[in-house]
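Trainee: Okay, here's the structure, questions in a sec.
Please treat every number below as a calculation from the coordinates, not as lab data. Source: prediction; values computed, not measured. Don't worry about glycine lacking a Cβ; one is built from the backbone with ideal geometry, like all the others, and counts go over all protein chains shown.
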DNA sequence: TTCCGGTCCT
DNA sequence: AGGACCGGAA
């Protein structure tokens, strides 16, 4: 029994069409970003932590340099705090760097000496226990690194889902409901889930933006409760 | 000058 | 529930 009653989000009628339109658009409009070219859990993790409060253009600049200095979990774990802080300098929110460093130390130190390489958990429930990893990043790592069919809801995703499926009624909708909705929409196949999660975030970043959404160019407008009645 | 954002802490 | 953390963009 759930402790709280989160209003049950069932799969909307237009779910299938939404996914089709979204993925077709993503196939032709997606930006080619470095972290979309890897499934290495460590690299995915670093990109997601950097992207937490920092724009894509800035992360694109720091991400390769950081990975050059710390190419894997082990090298990050054994680095001095000052070196990590320096590699992070300019990104802001330095608690993220400290958490990431602590995470590396804890994960790398977990395995038996000499045996298997340190490995990040695959399960979001385990990932959220690590420092600096909340519900969003846990879902993102599970999906983008391990191709698990789980949702990853950041503010982009939250905004898109609200506008498309809830319309004006969605203003006061709680987090739990949005996550349930996302769970109902994510394809069960991991590779499709990967593309779906990337695509819905890309839509939120490029088209369904917080201010001045570009409804006239939106691929899912035919199924959107908000955009359908807006003028171009 | 105001707004924006995941996670952590209060 | 509400603010702190930072730096860029509106």
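Trainee: Test of understanding: in a Gaussian network model of chain A with alpha carbons linked when under 10 Å, which of A:12, A:121, A:149 would top the mean-square fluctuation ranking?
Mentor: Answer for the Gaussian network model of chain A: A:12.
Trainee: Okay, moving on. Work out the P(r) tail for the stretch A:1-155: percent of alpha carbon pairs separated by more than 20 Å, whole number.
Mentor: Details: 6639 of 11935 pairs.
Counting every Cα pair in the stretch A:1-155, those more than 20 Å apart make up 56 percent.
Trainee: Could you tell me how many degrees, from 0 to 90 and to the nearest 10, lie between the Cα long axis of helix A:56-69 and the main elongation axis, the longest principal axis, of the Cα atoms of chain A?
Mentor: Taking the Cα atoms of chain A, the angle to A:56-69 is about 20 degrees.
Trainee: Taking the 0 to 90 degree range and rounding to the nearest ten, how far is the long axis of helix A:135-144 tilted relative to the main principal axis of chain A, both from C-alpha atoms?
Mentor: 90
Trainee: Among A:226, A:38, A:155, A:173, which comes first, second and so on when ranked by fewest other beta-carbon atoms within 10 Å? Show your work: numbers first, answer last.
Mentor: On the way: A:226 20, A:38 14, A:155 11, A:173 17.
Taking fewest neighbouring Cβ atoms as first place, the list is A:155, A:38, A:173, A:226.
Trainee: A further question follows. With a 10 Å cut-off between alpha carbons and a GNM built on chain A, which of A:169, A:145, A:79 moves the most?
Mentor: Greatest mean-square fluctuation among the candidates belongs to A:169.
Trainee: If you don't mind, there's one more thing I want to ask. For the stretch A:183-232 and the stretch A:39-76, compute the distance between their C-alpha centroids and round to whole Å.
Mentor: Measuring centre to centre over Cα atoms gives 26 Å.
Trainee: When only C-alpha pairs under 8 Å and at least 6 residues apart count, what is the relative contact order of the stretch A:40-134, in percent? Each step should come with its number before you reach the end.
Mentor: Working: 80 pairs, mean separation 25.9, N = 95.
After rounding, I find 27 percent.
Trainee: Only Cα pairs under 8 Å and at least 6 apart count here; give the relative contact order of chain A as a rounded whole percent. Don't skip to the answer; put the middle values down first.
Mentor: Numbers: 279 pairs, mean separation 53.9, N = 232.
Averaging sequence separation for qualifying contacts and normalising by length gives 23 percent for chain A.
Trainee: Quick check on the exposure proxy: order A:62, A:94 from fewest to most C-beta atoms within 10 angstrom.
Mentor: Numbers: A:62 17, A:94 12.
Placing the least packed residue first, the sequence is A:94, A:62.
Trainee: Nearest 10 degrees, 0 to 90: what angle lies between the long axis of helix A:190-206 and the longest principal axis of chain A (Cα atoms)?
Mentor: Helix A:190-206 sits at roughly 70 degrees to that axis.
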